[in-house]
Amino acid sequence: MANRSETPAVHPHGSSTAPQLRGSWLARGKEGRFSVYLPRNGEVVRWTESADGRWSEPVSLGGGLTPGLSVGQGRDGYAHLVGWRPLAGGEPDHVELVHTTQYQTGRPALEWKSLGHPNKVYPWTGTPSVTVDGIGRAYVFSRNGGGGISVRAQKDAGGWHPWWDLLGSKTDPSPVALTNGDGFVELYTSHATGLLRYVQRESGGKPIREAILPAQVTMGTMAGVTGPSGHATVFYLDQEGRVCVWSPERMPQPMPLLDAVGTGPLSATRCVIDGFDHTVLAQQSADGRLALAAYQSEREMSGVSWTETGDPQGPLVTTLTQGADGGLVVMALAGGTSLITTRQKAGADSLLLEAWRPVR
């Protein structure tokens, strides 16, 4: 596979025609039903799964956003939604980050609140990433105007801390935030010369930037999971077209896992297959189909290969998660307009999926 540019195309406000989705935009509530969130025509639209598996009509959550949306979900099941909104009365390209929370499946979300911008007044600097720590505080990470990483964190008693500048430069516009098994947050991104990790060492503390790990990373391709050990594992495409894996607490250096089937971003989650905890990766293949690869979690040396599913599609934006039964659930936005979904067949051996079906 030919080498690709290490810097993705950047649009003003991040406002390409297709929505830019990050994180848990398919979120499972405490009772097991799903909500799916999608930015559309300046608002965030939500569909809610009913007890019989059907989907509701779309409901507007407002927002006034540009097309990007990031969603993080904590152990409490609350979904935190973050996106960029044009700044009222400002220059045409000036934006601010806004946040809302949905506490219960199918219920109204809170009013959107401004988080400002890491540089106070500035254009779009990248797609934010949000994660929630072990006691339910949201952390919103964003690339700042200097190309480094900034974060804004919720306080224990409500409200938000000011923006913390975590330093760095020339980072990926799409960082990946995770919460590890100890409930501490971690942020992964790349630099022109390698991988960057920011890790929290105490509850509520400012994440600390570690030294750059030399690696050839294709920006905009990274995904991550927290494994059964509680350690974070991240995946990315290198400049030779391989999917590489890195888990700093388990492996000091990243290692190639398998060849990529396409050039676009990866998605990742954990689920139960044949009674064992597995990590599943997804990527759109060169022929437009969705490809999945699964291996027993944290056993990267056991071998893994791709299996394609469904029909060829236009550009796919995919998220993976686990259902209440432990099986895999897949949601994809096809061609920027059509939501389609599938899930692992109950009781089936290996990773067999049901037929794809539309949400709308």
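Computed from the coordinates by the stated procedures, all read-outs in this text should not be read as laboratory data. Quick caveat, the model's predicted, so the values are computed rather than measured. We place every Cβ from the backbone using ideal geometry, glycine too, and count neighbours over all the protein chains shown.
The set of residues in the stretch 207-231 being small (Gly, Ala, Ser) and not in a strand (DSSP E or B) consists of Ala211, Ala215, Gly220, Gly227, Ser229, Gly230. Cβ-Cβ distances below 9 Å connect the following pairs, each with a first residue in the stretch 165-179 that is under 15 Å from Asn119 (Cα atoms), a second residue that is assigned to a loop (DSSP other than H, G, I, E, B) and of a type in the set (D, E, K, R), and a separation of six or more residues or different chains: Leu166/Lys206. Scanning the stretch 315-360 for residues being touching a Phe, Trp or Tyr at 6+ places or on another chain (Cβ under 6 Å) and either under 17 Å from Ser35 (Cβ atoms) or among the small types (Gly, Ala, Ser) (or both) gives a total of 3.
Matching residues to (1) touching a helix residue (DSSP H, G or I) at 6+ places or on another chain (Cβ under 6 Å); (2) among the polar types (S, T, N, Q); (3) under 23 Å from Val132 (Cα atoms); (4) in a strand (DSSP E or B):
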| site | (1), (2), (3), (4) |
| --- | --- |
| Ser60 | no, yes, no, yes |
| Leu65 | no, no, yes, no |
| Ser70 | no, yes, yes, yes |
| Arg75 | no, no, yes, no |
| His80 | no, no, yes, yes |
| Glu91 | no, no, no, no |
| Thr101 | no, yes, yes, yes |
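Okay, residues lined up against (1) over 25 Å from Arg299 (Cα atoms); (2) among the β-branched types (Val, Ile, Thr); (3) surrounded by 15 or more Cβ atoms within 10 Å (Cβ to Cβ); (4) in contact with a strand residue (DSSP E or B) (Cβ under 8 Å, 6 or more places away or on another chain):
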{"site": "Thr179", "(1), (2), (3), (4)": "no, yes, yes, yes"}
{"site": "Leu196", "(1), (2), (3), (4)": "no, no, yes, yes"}
{"site": "Arg201", "(1), (2), (3), (4)": "yes, no, no, yes"}
{"site": "Ala211", "(1), (2), (3), (4)": "yes, no, no, no"}
{"site": "Gln216", "(1), (2), (3), (4)": "no, no, yes, yes"}
{"site": "His231", "(1), (2), (3), (4)": "no, no, yes, no"}
{"site": "Ser247", "(1), (2), (3), (4)": "no, no, yes, yes"}
{"site": "Pro254", "(1), (2), (3), (4)": "no, no, yes, yes"}
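Here Ser302 meets each of (1) touching a residue at least 40 places away in the same chain (Cβ under 8 Å); (2) within 20 Å of Val234 (Cβ to Cβ); (3) small (Gly, Ala, Ser) with one exception, condition (1).
The rows are residues; the columns are (1) in a strand (DSSP E or B); (2) under 18 Å from Ala260 (Cβ atoms); (3) under 21 Å from the mean Cα position of the chain (by Cα); (4) of a type in the set (Phe, Trp, Tyr).
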position	(1), (2), (3), (4)
Thr318	yes, yes, yes, no
Asp325	no, no, no, no
Val329	yes, no, yes, no
Ile340	yes, no, yes, no
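Every test in (1) surrounded by fewer than 19 Cβ atoms within 10 Å (Cβ to Cβ); (2) within 22 Å of Gln20 (Cα to Cα); (3) acidic (Asp, Glu) is passed by Asp172 save one, and that test is (1).
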